[in-house]
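Encoded as structure tokens, the structure appears first; notes follow it.
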Amino acid sequence: MITTKASRIKTYILLLLMICFAALGDVLLSKGMKQIGEVSNWSVATIMEILFRTFTSNTIWLGIGSLLIFFVSYLLVLSWADYSYVSPASGMSYAIVPVLGYTLLGEVLSTTRWAGVALILLGVVLVSRTPHCTTNKG
């Protein structure tokens with residue numbers, strides 16, 4: 001199938017939105033839950049308190065909103081691009097999450113984890129060199 005320049009640009013824009021908002025949403029949820037604290041007591045009262053604090057947290061809601069933007073972008077790009085292209089390309093967010101964790105959350109990343117991020121990036125580059133749609137729409 002022949003893809004137009006506009007189709008490629010549209011695909012890249014939605015993939016960029018997917019990648020950025022998936023990573024941002026995950027990091028915001030992590031930050032929000034760290035602010036709420038570890039659940040150590042599983043009593044009904046404690047669970048209710050944690051649920052209240054979770055659903056009144058601005059950080060959690062920003063994370064949910066970011067993941068909603070990711071999901072809408074994901075659905076849109078899947079309407080014309082191959083899943084076998086979109087899913088691996090969206091894996092770039094897995095490479096961005098450790099960078100955001102390091103910069104925004106102060107997490108320490110080992111050399112092994114950075115090597116894993118490099119492998120993910122290599123896989124995304126390989127996938128991006130293939131056509132985003134290989135089937136005829138009928």
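Computed from the coordinates by the stated procedures, all read-outs in this text should not be read as laboratory data. Please read these numbers as outputs of a predicted model, since none were measured by experiment. Note that we place each Cβ from the backbone using ideal geometry, even for glycine, and neighbour counts take in every protein chain shown.
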Using r as the Cβ-Cβ distance of L109 and S87, and R0 as 30 Å, what FRET efficiency do you calculate, to the nearest 0.05?
0.80
What length, rounded to one decimal in nm, is gained on full extension from S7 through to V39, with 0.36 nm per residue of separation minus their alpha-carbon distance?
6.9 nm
Between rounded, prolate and oblate, where does the stretch 5-128 land on the alpha carbon gyration tensor, with a ≥ b ≥ c its root eigenvalues, rounded for a/c under 1.5, else prolate if a/b exceeds b/c?
oblate
Between S40, S87, S110, which gets the highest mean-square fluctuation from a Gaussian network model of the chain, Cα cutoff 10 Å?
S40
Average Cα contact separation per residue, the stretch 29-128, under 8 Å, 6 or more apart, as relative contact order %:
25 percent
For the chain, what is the mean residue ellipticity at 222 nm derived from helices alone (per DSSP H run of n ≥ 4: -39500 (n - 2.57); sum divided by total residues; nearest 500 deg cm²/dmol)?
-25500 deg cm²/dmol
